[in-house]
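Before any comments, here is the structure.
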Amino acid sequence: MSEYLPPSLTAQLKAIVGERGYVDAPAERAPFETDWRDQYHGKAALVLKPAATEEVARIVKVLAQARIGIVPQGGNTSLCGGSVPDGSGSQVVVSLSRMNRVRAVDAENNTMTVEAGCVLAQLQSVAAEHDRLFPLSLAAEGSCEIGGNLSTNAGGTGVLRYGNTRDLVLGLEVVLPDGSLWEGLRGLRKDNTGYDLKHLFIGAEGTLGVITAAVLKLFPRPRSRATALVALESPREAVALLAELRAACGDRVTGFELMSRLCIELVVRHIPAQRDPFGEPHPWYVLVELSDSTEGVATTELLEAALAAAAERGTIRDAVVAASESQRNALWQLRENIPESQKLDGVSVKHDVSVPVSLVPQMIARAGERLAERFPDVRIVAFGHVGDGNVHYNCSKSEAQDAKAFFAHAGEVNRIVYDVVASLGGSISAEHGLGVLKREEIKRYKAPLELDLMRRIKATLDPAGIMNPGKVL
């Protein structure tokens, strides 16, 4: 029984979701109260797991009347504390994980209508079953849920060609903070009838309402891919290579992931069966992928020719081109296992930042120089989606004890990195959101008028401030 909610209110909520739809025992609540990084720990009054949109609406209406804080939660893979309740024990977590149906697939319209609790990898599989592609792809795709992806406007490895999650959505279904339901599940690519309301909720991190379903865009399924791991001298050559590949291959360039040497070393050290495909170490690497809707070897030949030309120009040092699907998967595992290998290696101060693509080399170099002035033995793990200017710029120390002591300086480290990013016209959050982690930091880097406009929107839709309180604003 909740220590905070009145027994009558608890009973009312449990009646809405049924026996399978609530968790109130402390031990069973624990997975819903801690984030993936184990950095944020809260205490929920109750965890509710509705099975349908109507149940979500009833829950929100009841909690709104009682002015109880609501924390919407999907796969709980947030890296910024956005999906975890605070420590008061007064907030109710509403987990959407049981709402995991694909309601419809319209192959001719290239759309599918899905519920918020669908795991991302499941949606990729459903699209493939209909000979289509849903291009959102990220390391947590086996556990993250589309509702969370929508709430954070997730990016991932396909942004270069397909855009962020925002670009992959045609319609939404949202339970508003008073329990009313906005039914915006329209599969239209053209609808010029006023404000495009769905964009209010995408990227809002659950602070304006609960996304319960969405109409997602599908694309032709790639029938040929070419993948290579390319060794380079520095990020400057990586940006040059991107321009060269785009000139030679056009929009077939669908993946372009930068990794430092330390990234490869961490993955090989901590992840079983991972190996360095090169015979000697190189300072930097880029994982390149081309894809095309036509079959055959033309894509591979195109990539090989482009890389050969880049080698002649001195842009690259070496390259390994995957000759099979298993080799392609092995190369992608090197990139996708970087976050997990970092977690196993020890605590680090993480940054998810973006700058114009042309300024990525400056950002990496300038931040490194300024950090080294203050922390001489700082260790930088830099990787990410350099094709769209998004770099995960993580800082730590090589020894576990030193890393823990260094983490105590996270605020100072953040200020150094964020000041560099801001000086280059960048953003302190490219794809992970603000959550709790950057809620105060954003005040330094976002214009007061922008923050004021955000607060006005929040006050209009959620005047009682019950939706994911304490996050973003």
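The values are calculated or read from the model by the stated rules, or taken from the named source; none is laboratory data. Just so it is clear, the model here is predicted, and its values are computed rather than measured. We place every Cβ from the backbone using ideal geometry, glycine too, and count neighbours over all the protein chains shown.
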Fill in: Criterion (crowded, with 19+ Cβ neighbours inside 10 Å, of a type in the set (Lys, Arg) and in a helix (DSSP H, G or I)) met by exactly one of 335, 370, 366
335
Worksheet item: Which of the residues that make up the stretch 85-132 are at positive phi, modelled with pLDDT of 95 or more and more than 24 Å from the chain's Cα centre (by Cα)?
Response: 131
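For residue 135, indicate whether it is modelled with pLDDT of 95 or more, under 24 Å from residue 331 (Cβ atoms) and assigned to a loop (DSSP other than H, G, I, E, B).
Working: modelled with pLDDT of 95 or more: yes; under 24 Å from residue 331 (Cβ atoms): yes; assigned to a loop (DSSP other than H, G, I, E, B): yes.
Criteria met by residue 135.
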Discussion item. From the list 15, 104, 44, exactly one residue is within 30 Å of residue 155 (Cβ to Cβ) and free of Cβ contacts under 8 Å to residues at least 40 places away in the same chain. Which is it?
Written reply: 104
Item to complete: Name, by its number, the condition in (1) among the aliphatic types (A, V, I, L, M); (2) under 16 Å from residue 469 (Cβ atoms); (3) loosely packed, with under 14 Cβ neighbours inside 10 Å that does not hold for residue 71.
Response: (3)
Worksheet item: Given 125, 137, which one is within 20 Å of residue 103 (Cβ to Cβ), out of contact with any strand residue (DSSP E or B) (no Cβ under 7 Å at 6 or more places or on another chain), polar (S, T, N, Q) and surrounded by fewer than 24 Cβ atoms within 10 Å (Cβ to Cβ)?
Response: 125
Fill in: Residues satisfying the stated conditions in the stretch 11-68, i.e. among the polar types (S, T, N, Q), under 16 Å from residue 95 (Cβ atoms) and surrounded by fewer than 19 Cβ atoms within 10 Å (Cβ to Cβ)
34
Discussion item. Which numbered condition in (1) assigned by TED's automatic domain parsing to the domain that holds residue 181; (2) touching a residue at least 60 places away in the same chain (Cβ under 8 Å) is the only one that residue 61 fails?
Written reply: (1)
Discussion item. From the list 398, 429, exactly one residue is surrounded by fewer than 19 Cβ atoms within 10 Å (Cβ to Cβ) and in contact with an Asp or Glu (Cβ under 8 Å, 6 or more places away or on another chain). Which is it?
Written reply: 398
Worksheet item: Applying the selection to the stretch 54-83, what residues are of a type in the set (Val, Ile, Thr) and at pLDDT below 95?
Response: 77
Response to the item:
Pairing a residue in the stretch 305-319 that is outside the structural domain of residue 281 (by TED's automatic domain parsing) with any residue that is surrounded by 15 or more Cβ atoms within 10 Å (Cβ to Cβ) and in a helix (DSSP H, G or I), where Cβ atoms lie under 8 Å and the two sit 6 or more apart in sequence or on different chains, gives none
Worksheet item: Counting only residues that are among the basic types (Lys, Arg) and over 23 Å from the mean Cα position of the chain (by Cα), which one in the stretch 192-245 is farthest from residue 290 (Cα to Cα)?
Response: 236
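Counting only residues that are out of contact with any Leu (no Cβ under 6 Å at 6 or more places or on another chain) and farther than 22 Å from residue 341 by Cα, give me the helices (runs of 4 or more DSSP H) lying completely in the stretch 387-451 with at least 3 of them. Reasoning before the result, please.
Details: elements: 400-407, 410-423, 442-445.
Per the criteria, 410-423, 442-445.
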Worksheet entry | Odd one out for residue 51, checked against (1) hydrophobic (A, V, I, L, M, F, W, C); (2) over 19 Å from residue 19 (Cβ atoms); (3) part of a loop (DSSP other than H, G, I, E, B) | (2)
Worksheet item: Would you call residue 81 at positive phi, in a loop (DSSP other than H, G, I, E, B), more than 19 Å from the chain's Cα centre (by Cα) and of a type outside the set (Ser, Thr, Tyr)?
Response: no
Worksheet entry | Conditions (1) without any contact (Cβ under 8 Å) to a residue 40 or more places away in the chain; (2) within 22 Å of residue 109 (Cα to Cα); (3) among the charged types (D, E, K, R): number failed by residue 173 | (1)
Item to complete: Scan the stretch 81-93 and report the pairs whose first residue is free of Cβ contacts under 8 Å to residues at least 60 places away in the same chain and whose second residue is outside any loop (DSSP other than H, G, I, E, B), with Cβ atoms within less than 6 Å and a gap of 6+ or a chain change.
Response: 85/44; 85/71; 85/91; 85/93
Practice prompt. Can you work out which of the residues in the stretch 140-166 that are without any contact (Cβ under 8 Å) to a residue 24 or more places away in the chain and under 15 Å from residue 385 (Cβ atoms) is surrounded by the fewest Cβ atoms within 10 Å (Cβ to Cβ)?
Written response: 163
Worksheet entry | Near pairs, Cβ below 6 angstrom, 6+ apart or cross-chain, from the stretch 398-420 (outside the structural domain of residue 381 (by TED's automatic domain parsing)) to any residue that is acidic (Asp, Glu) and surrounded by 13 or more Cβ atoms within 10 Å (Cβ to Cβ) | none
Practice prompt. Search the stretch 432-446 for residues that are in contact (Cβ under 8 Å) with a residue 40 or more places away in the chain and pair each with any residue that is of a type in the set (Lys, Arg) when their beta-carbon atoms are under 6 Å apart and the residues are at least 6 apart or on different chains.
Written response: 435/471
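How many residues does the stretch 435-446 contain that are loosely packed, with under 11 Cβ neighbours inside 10 Å and modelled with pLDDT of 95 or more?
Residues of the stretch 435-446 loosely packed, with under 11 Cβ neighbours inside 10 Å: 440.
Now drop any that are not modelled with pLDDT of 95 or more, which leaves none.
Selection size over the stretch 435-446: 0.
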